[in-house]
Amino acid sequence: MLDQGTSAGSTVTWKVGAEQGQGVDSTGTMMALVLNRLGYHVYAYRQFSSRIKGGHSNYAIRVGNIPVRASSHQDDILVALDQETIDRNYRQLAPNGLIIADTDFNPRLPEDCESELLVVPFSEIASSEGSKIMRNVAALGASAFLLNIPLSGFEAALNLQFARKGDAVIRPNIAVLHKGYEYVKERMPRREGLSLPEVNQDHDNEALFLSGNEAFAMGALAAGCRVMTGYPITPASEILSYMERYLPMVGGAAVQTEDEIAAIMAAVGAGYAGARAMTSTSGPGLSLMQEVLGLAHMIEVPVVVVNCQRGGPSTGMPTKQEQSDLLAMLYGTHGDTQRILLAPGTPEEAFYDAQLAFNLADKHQCPVMVAMDFSLSIDECTVPKLDRNRIPIDRGALATEEDLKHEGHERFPRYLINESGISPRSIPGQPGGQYLATGAEHGIYGWVSENPKNRVEMVNKRARKVEKIDVQATIYEGDDNPEVLLIGFGSPRGAMSEAVQALRADGISAALLSLRVLAPFPEEEVALRVSQAKHVWIVEQNANGQLQSIIEAALFRQNQDGTYRYPRVEGFRKYNGLPVFPHEIIRLVKESVEHGSQRQAV
Amino acid sequence: MAVSVKQYRTSAETWWCPGCGDFGVLAALQRALAELNIEPHDVALIAGIGCSGKIGNYVNSYNLHVTHGRALPAAMGVKLANRHLTVVAAGGDGDGYGIGMGHFAHAIRRNIDVTYVVMDNQVYGLTKGQTSPTSDYGFKTKVSLPNIEEPTRPCLSAVSLGATYVAQGFSSDVKQLVELIKGGIKHPGFALVNVFSPCVTYNAFNTYDWFRENLVNLDDLAPDDRHDPHDRDSAIQMLRAKDGWVRGLIYQDLNSRPFEDRIAGFGAKSVATSDLDLDETLWNNMVREQQ
């Protein structure tokens, strides 16, 4: 159905649900891949619990002929393979929505459910061709009719999936697919709101279907990452798995360490020795890594740390969306430190940010952190063709033959003070480049020093290195001087973007400012945009308003006299574990604008 | 040209107390590296925190001085980046067997080709005299109550956990220590060299004289009294019988296969200096998998 949140094109949301371990994931993935190959834009998201088997899980796909960058709060078609799927999901169905359920479990509609129920004998169809296990394929066939997707796409997918098992498996699957399709076709006409719009003819034939985690790992490999040390944690584990799979093909090493402290320490060791190295983690792991992050800052070693945020603190909600590690990523560790923090908003950006992160780490000789979040890490969507050569590898200031001769110095001056703060570094194995890298304060050769003058010079040197980075720090979309400005980072970008489009369609001038770099913080750009807007909303997924606190501090600093020069900013904070939906932003903004807001320029 | 011990010295002023056992360990390490004819720039010395962790100041190699207890994971990272380097990790008993004990067990399990020299003085020196994980039961200092915990037994633990090279030395016998360290460096896998290195300031119990009196030098034993250092059970029995107070080679697995050799696809080249461009075919496969 035409989604209220978009101005052009239309989207349909299809969801399949069952008990965890019943093939929901593979069914959903097949549907998504088929749609992606046909040229549709898809955004796929799962809901699952932090357990292995049992418990409800579902896989939803929002699909359209325009770029789809967010999940929807409403489903149009719900494929239920058990009663719990209906009970847990019927409230999310659109007014015109449809439930298709397997006859097998004798589905019942809850009393207050207004949606229509179509009962299809998925299991029976599957059994008639040999095994009940194929009931999900029958459900795909039934869905294909309703969505108006040609079966050839599914046939190709089944051929691919069961290529090794051969015709004996492929043939009955294809038969089940057709029977599911025909069963619905004979009983129900296609509905306009549920079937897919025509795919755009000029669609990207090389589009990928990627999660942020996969995109980041691909980017890391393209960037020349050759050592990855990590510890399994939701929702970051896919990055380690991906690297474990591919690093052997490039002569690198992925090691699952005993804990996150070892993971970051080994990555820093590898970085010190000249490899492009990284680790990936989530909140609890980030907490354990803090001491070594300070060490990496102190010894000026490049390392990339990607943090896939989830509900915190402590164990929090491991499989839920949140953005509450922001301050920990920015400041976490003792002492005065600076680091670079990138924040991709889409899987495509995660790919390029991985490459960027390795270049920045080498160039600025410091830890570079990449802020992902659960939805960005796990949700999969259509990604345009990736250009792996867009960001060429740049290893930064490495010691030259001349530097290694260290004329005028007793030994190689690894921490030479200069204007940029970035001193050429030597790599173990290079003759003449020996130095001491120590977490203790040190002088230019690395020897430990507590000299007051040296201390100040070194603290300033390390800070100076990362005052400015050569990266586009923000993305601005929408009207200039808008009535409503949304500011955020990470995966809420999709919902913000749709909200802006919808507001503009309703005659409210609106824009979004997505922060792609959180450290060094793009103060001037944020201050400028905030000063041009009438109402400013900070959209973030945490309770404390961590981004808001940084922005307010930045705006405060701009003034220096204790007053706000700019309009006050308001927080939109969501921390219930679910992603931000476009309609939530739209509703809040409209209410605020219509009821004459308290927000005025001071 | 032969590498000299002199090449391994630095101009840094030594920080240890006069008489500290660590001087002997430093001398032995420098001599071992020189005698093996390894160029200083091909050595990475990774140290932890504590008096012993200062050793990096005095060895003219590439030195990485990390956080407390984390020398072993750092050493692994260095070795993964460049397997041609001689990687030596160094630290004390608190660093290695207290805060770093978890990593110790896993470094052994992995068998990465790193030589780990532990300067074991049975006390925390840098924080002025607290009990350490290897302090004896009843051990008492000015700042600690008598120890009511049993000491860890590093060599026995290492052999039991599957270590492929375990030796123990005494900082006063530099000659023997040089051989033990050289053996560890040549050993293809994880090598523990635990060294009794007396603290003359905070440990009034485990003194030089005490060690001279109580340590059994395995090299001095009559052939019939010697254990078989290539038999794990024999090494364990020997350590149990002598309660760990021995010096010499305790155990070596002659068939040790280092971690680097077991990593699938891990190249013979240093990944730190190899070409980082991604092969076109591989990239195309990566893309196709996501379509």
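If you go through segment A:447-466 and keep only what is within 14 Å of chain B (Cβ to nearest Cβ) and either touching a His at 6+ places or on another chain (Cβ under 7 Å) or open to solvent by less than 10 Å² (accessible area, probe 1.4 Å) (or both), you end up with A:V448, A:S449. Scanning segment A:31-74 for residues that are of a type in the set (D, E, K, R) and free of Cβ contacts under 8 Å to residues at least 60 places away in the same chain, we see that the one that is surrounded by the fewest Cβ atoms within 10 Å (Cβ to Cβ) is A:K53.
For the condition farther than 27 Å from A:D373 by Cα and at pLDDT 95 or above, what is the one hit in A:A60, A:A80? Selected residue: A:A80, the only one of A:A60, A:A80 that is farther than 27 Å from A:D373 by Cα and at pLDDT 95 or above. Cβ-Cβ contacts under 9 Å between residues 6 or more apart (or on different chains), taken from a first residue in segment A:426-439 that is more than 7 Å from chain B (Cβ to nearest Cβ) and under 17 Å from A:M265 (Cβ atoms) to a second residue that is modelled with pLDDT under 95 and open to solvent by less than 10 Å² (accessible area, probe 1.4 Å), are absent.
On the stretch given as segment B:262-272, residues that are at the interface with chain A (Cβ under 7 Å from one of its Cβ atoms) and surrounded by fewer than 16 Cβ atoms within 10 Å (Cβ to Cβ) total 3.
Being within 14 Å of chain B (Cβ to nearest Cβ), in a loop (DSSP other than H, G, I, E, B) and out of contact with any Lys or Arg (no Cβ under 8 Å at 6 or more places or on another chain): is that true of A:I444 here?
Against the criterion (within 14 Å of chain B (Cβ to nearest Cβ), in a loop (DSSP other than H, G, I, E, B) and out of contact with any Lys or Arg (no Cβ under 8 Å at 6 or more places or on another chain)), A:I444 does not qualify.
When you check B:A89 against the structure, is it part of a helix (DSSP H, G or I) and farther than 19 Å from B:K242 by Cβ, yes or no? Answer is no for this residue. Here the condition is being crowded, with 18+ Cβ neighbours inside 10 Å and out of contact with any helix residue (DSSP H, G or I) (no Cβ under 7 Å at 6 or more places or on another chain); of A:L160, A:L147, it holds for A:L147 alone. Filtering B:G189, B:G183 for residues that are of a type outside the set (F, W, Y), part of a loop (DSSP other than H, G, I, E, B) and surrounded by 15 or more Cβ atoms within 10 Å (Cβ to Cβ) leaves a single hit, B:G189. Among the residues of segment A:246-258, those identified as in contact (Cβ under 8 Å) with a residue 24 or more places away in the chain, over 22 Å from A:C366 (Cα atoms), in contact with a helix residue (DSSP H, G or I) (Cβ under 9 Å, 6 or more places away or on another chain) and open to solvent by 10 Å² or more (accessible area, probe 1.4 Å) are A:V250, A:Q256, A:E258.
One line per residue, one yes/no per condition, for (1) farther than 22 Å from B:G69 by Cβ; (2) open to solvent by less than 10 Å² (accessible area, probe 1.4 Å); (3) at pLDDT 95 or above; (4) touching an Asp or Glu at 6+ places or on another chain (Cβ under 9 Å):
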| position | (1), (2), (3), (4) |
| --- | --- |
| B:V117 | no, yes, yes, no |
| B:T141 | no, no, no, no |
| B:C155 | no, yes, yes, no |
| B:Q168 | no, yes, yes, yes |
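Does segment B:2-15 include one or more residues that are surrounded by fewer than 23 Cβ atoms within 10 Å (Cβ to Cβ), in a helix (DSSP H, G or I), within 13 Å of chain A (Cβ to nearest Cβ) and touching a strand residue (DSSP E or B) at 6+ places or on another chain (Cβ under 7 Å)? No, because not a single residue in segment B:2-15 is surrounded by fewer than 23 Cβ atoms within 10 Å (Cβ to Cβ), in a helix (DSSP H, G or I), within 13 Å of chain A (Cβ to nearest Cβ) and touching a strand residue (DSSP E or B) at 6+ places or on another chain (Cβ under 7 Å).
Matching residues to (1) open to solvent by 10 Å² or more (accessible area, probe 1.4 Å); (2) out of contact with any helix residue (DSSP H, G or I) (no Cβ under 7 Å at 6 or more places or on another chain); (3) more than 18 Å from B:Y97 (Cα to Cα); (4) within 13 Å of chain A (Cβ to nearest Cβ):
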{"site": "B:L33", "(1), (2), (3), (4)": "no, no, yes, yes"}
{"site": "B:P40", "(1), (2), (3), (4)": "no, no, yes, yes"}
{"site": "B:I46", "(1), (2), (3), (4)": "no, no, no, yes"}
{"site": "B:G50", "(1), (2), (3), (4)": "yes, no, no, yes"}
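Look at (1) at the interface with chain B (Cβ under 7 Å from one of its Cβ atoms); (2) open to solvent by 10 Å² or more (accessible area, probe 1.4 Å) and you find that A:S241 fails only one, number (1). Screening A:A354, A:A350, A:A296, A:A371 for residues that are more than 26 Å from A:P492 (Cα to Cα), of a type in the set (G, A, S) and touching a helix residue (DSSP H, G or I) at 6+ places or on another chain (Cβ under 6 Å) leaves exactly one candidate, A:A296.
When A:G269, A:G252 are checked against the criterion of being within 15 Å of B:T67 (Cβ to Cβ), within 8 Å of chain B (Cβ to nearest Cβ) and not charged (D, E, K, R), a single residue qualifies: A:G269. The single condition from (1) at the interface with chain B (Cβ under 9 Å from one of its Cβ atoms); (2) touching a helix residue (DSSP H, G or I) at 6+ places or on another chain (Cβ under 6 Å) that A:F216 fails is (1). Filter segment B:68-90 down to residues that are farther than 23 Å from B:D275 by Cβ and surrounded by fewer than 24 Cβ atoms within 10 Å (Cβ to Cβ) and give me whichever is nearest to the other protein chains (Cβ to nearest Cβ). Among those that are farther than 23 Å from B:D275 by Cβ and surrounded by fewer than 24 Cβ atoms within 10 Å (Cβ to Cβ), it is B:H68.
When the test is whether a residue is closer than 30 Å to A:M243 by Cβ and either surrounded by 14 or more Cβ atoms within 10 Å (Cβ to Cβ) or modelled with pLDDT of 95 or more (or both), B:V287 passes it. Would you confirm, using the coordinates I've provided, whether A:V383 is within 13 Å of another protein chain (Cβ to nearest Cβ), over 23 Å from B:A12 (Cα atoms), in contact with a strand residue (DSSP E or B) (Cβ under 7 Å, 6 or more places away or on another chain) and among the hydrophobic types (A, V, I, L, M, F, W, C)? Yes; evaluated as a whole, the condition is true for this residue. Against the list (1) buried (at least 16 other Cβ atoms within 10 Å of the Cβ); (2) more than 9 Å from chain A (Cβ to nearest Cβ), the condition B:F259 fails is (2). The residues of segment B:92-123 that are more than 10 Å from chain A (Cβ to nearest Cβ), farther than 19 Å from B:F23 by Cβ and either free of Cβ contacts under 8 Å to residues at least 24 places away in the same chain or assigned to a loop (DSSP other than H, G, I, E, B) (or both), listed by number, are B:N111, B:D113, B:V114. When the residues of segment B:211-234 are filtered to those that are under 24 Å from B:Y137 (Cα atoms) and in contact (Cβ under 8 Å) with a residue 12 or more places away in the chain, the one that is most open to solvent (accessible area, probe 1.4 Å) is B:R212.
Scanning segment A:284-323 for residues that are within 21 Å of A:S49 (Cβ to Cβ), in contact (Cβ under 8 Å) with a residue 40 or more places away in the chain and open to solvent by 30 Å² or more (accessible area, probe 1.4 Å) gives A:P284, A:M317, A:K320.
The values are calculated or read from the model by the stated rules, or taken from the named source; none is laboratory data. Treat the numbers as computed from the prediction; the structure is a model and nothing was measured. FYI the Cβ positions are ideal-geometry reconstructions off the backbone, even for glycines, and counts take in every protein chain you see. Just the protein is used for accessible areas: all its heavy atoms, side chains included, with ligands, DNA and RNA removed. Shrake-Rupley method; radii C 1.70, N 1.55, O 1.52, S 1.80 Å.
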